[in-house]
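Chemist: One structure, as structure tokens, below. Some questions next.
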Amino acid sequence: MRDFLSKTTKLAPVIVDVHQHLGTCRVFDYKEQTEEAIIRNMDEKGIDASIVQPFPGAFPQPPKAEHDRIARMAEKHPGRIFGMCSANPHAVTRDEWMLEMEKHPSTSASSRPSGVPEIPTQPYNPCC
């Protein structure tokens, strides 16, 4: 057993911030969370990767510009930044919601790194 353990590679833990926002938030009157601030905070705190989405108070809805910024940020920082679409179902129609989710297929198999499971998306539900 000792011989086996000496031949194995010990993996370092990976720290993932699973709830990060980019842009402005009217709900909490937050002026601007920038890409630079997110990356700086990750570097300072030793965070390996972050899942980034628009603020809940992003305007207009759906937050197309914020989704595009997040997509560019993920392309610029592969393996560190992962985008997540977020649109308020109370502020958009079902068709608008579906178009935005399809534009940024963050959970599709082709956009996921190898070994990362599919993340189910929140279905459009304007009643709750």
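Chemist: Hey, S86 hits all of (1) of a type in the set (S, T, Y); (2) over 13 Å from the mean Cα position of the chain (by Cα); (3) modelled with pLDDT under 90 but one; which does it fall short on?
Modeler: Going through the list (1) of a type in the set (S, T, Y); (2) over 13 Å from the mean Cα position of the chain (by Cα); (3) modelled with pLDDT under 90, S86 breaks only (2).
Chemist: Take the conditions more than 12 Å from the chain's Cα centre (by Cα) and either surrounded by fewer than 13 Cβ atoms within 10 Å (Cβ to Cβ) or charged (D, E, K, R) (or both) and apply them to D43. Does it pass? Before you say what the answer is, go through the steps one by one.
Modeler: On the way: more than 12 Å from the chain's Cα centre (by Cα): yes; either surrounded by fewer than 13 Cβ atoms within 10 Å (Cβ to Cβ) or charged (D, E, K, R) (or both): yes.
In short, yes.
Chemist: Under 7 Å between Cβ atoms, which residue pairs at least 6 apart in sequence (or on different chains) link something in region 60-88 that is more than 21 Å from D48 (Cα to Cα) and of a type in the set (D, E) with a partner that is modelled with pLDDT of 90 or more and part of a helix (DSSP H, G or I)?
Modeler: none
Chemist: So which residues in region 17-54 are over 11 Å from E66 (Cβ atoms) and of a type in the set (A, V, I, L, M, F, W, C)?
Modeler: If the condition is that a residue be over 11 Å from E66 (Cβ atoms) and of a type in the set (A, V, I, L, M, F, W, C), then V18, V27, F28, A37, I38, I39, M42, I47, A49, I51 are the ones that fit.
Chemist: Can you tell me how many residues in region 73-103 are surrounded by fewer than 12 Cβ atoms within 10 Å (Cβ to Cβ) and under 24 Å from V16 (Cβ atoms)?
Modeler: Qualifying residue count for the region: 4.
Chemist: So which residues in region 24-40 are under 21 Å from P60 (Cβ atoms), touching a residue at least 24 places away in the same chain (Cβ under 8 Å) and under 17 Å from the mean Cα position of the chain (by Cα), if there are any at all? Let's see the steps before the verdict.
Modeler: Step one: of region 24-40, the residues under 21 Å from P60 (Cβ atoms) are 24-35.
So of that shortlist, the ones also touching a residue at least 24 places away in the same chain (Cβ under 8 Å) come out as 24-28, 30, 35.
Of everything in region 24-40, those that are under 21 Å from P60 (Cβ atoms), touching a residue at least 24 places away in the same chain (Cβ under 8 Å) and under 17 Å from the mean Cα position of the chain (by Cα) turn out to be T24, C25, E35.
The values are calculated or read from the model by the stated rules, or taken from the named source; none is laboratory data. Just so it is clear, the model here is predicted, and its values are computed rather than measured. Glycine gets a Cβ as well: all are built from the backbone with ideal geometry, and neighbour counts include every protein chain shown.
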